[in-house]
1. Which ones in segment 55-90 are in a helix (DSSP H, G or I), of a type in the set (Phe, Trp, Tyr) and farther than 28 Å from Trp43 by Cα?
2. Being over 26 Å from Tyr3 (Cβ atoms) and aromatic (Phe, Trp, Tyr) is true for just one of Phe64, Phe49. Which residue is that?
3. Among the residues that make up segment 67-77, is at least one of them in contact (Cβ under 8 Å) with a residue 40 or more places away in the chain and aromatic (Phe, Trp, Tyr)?
4. In segment 24-57, what count of residues is obtained for those that are of a type in the set (Gly, Ala, Ser) and either touching a Leu at 6+ places or on another chain (Cβ under 8 Å) or closer than 29 Å to Pro95 by Cβ (or both)?
5. Quick one: which of Gly93, Gly19 is surrounded by fewer than 13 Cβ atoms within 10 Å (Cβ to Cβ), outside any helix (DSSP H, G or I) and on the phi > 0 side of the Ramachandran plot?
6. Considering only residues that are at pLDDT below 85 and of a type in the set (S, T, N, Q), which ones fall in segment 82-101?
Amino acid sequence: MDYSKVLLYFYKDKSWSCGISYEDLLWNEEEPQPSKEELEGKWNDVLIFELREKRNKLLQETDFRVLPDYPHRDKWLVYRQELRDFPSTWSSGEPFPQPPI
């Protein structure tokens, strides 16, 4: 769990600094700092957001492979559908779908 990454995604407009652990968090706001449990609960959202960013990049990189005259177009269409489905079926540690050879 990377606390600073969660803070960057959800509290980028706040003043804070963070080391490796929650105990290293220095919160420079009048409002109460988020709890350890609150930050840990948002970690999965960060992972899914990053998965979607990577997935979108992979889809963009393969756009040309689904043109009507591209060889093995049908395999690329299947791969791209697997990419689209991936964030909703992902579990921690599962690798991205592999492109066709």
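1. Phe64, Trp76
2. Numbers: Phe49 fails: over 26 Å from Tyr3 (Cβ atoms).
When all the criteria are applied, what remains is Phe64.
3. No.
4. Residues flagged as of a type in the set (Gly, Ala, Ser) and either touching a Leu at 6+ places or on another chain (Cβ under 8 Å) or closer than 29 Å to Pro95 by Cβ (or both) within segment 24-57 amount to 1.
5. Working: Gly19 fails: on the phi > 0 side of the Ramachandran plot.
Criteria check complete, one pass: Gly93.
6. Listed by number, the residues that qualify are Ser88, Thr89, Ser91, Ser92.
Yes or no, residue by residue, for (1) surrounded by 14 or more Cβ atoms within 10 Å (Cβ to Cβ); (2) over 20 Å from the mean Cα position of the chain (by Cα); (3) not β-branched (Val, Ile, Thr):
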| position | (1), (2), (3) |
| --- | --- |
| Glu30 | no, yes, yes |
| Gln33 | yes, yes, yes |
| Leu39 | yes, no, yes |
| Asn44 | no, no, yes |
| Glu50 | no, no, yes |
| Leu58 | yes, no, yes |
| Pro68 | no, yes, yes |
| Arg73 | no, yes, yes |
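The values are calculated or read from the model by the stated rules, or taken from the named source; none is laboratory data. From a predicted model like this one, the values you see are computed outputs, not experimental measurements. Please note: Cβ atoms are built from the backbone with ideal geometry, for glycine as well, and neighbour counts cover all protein chains shown.
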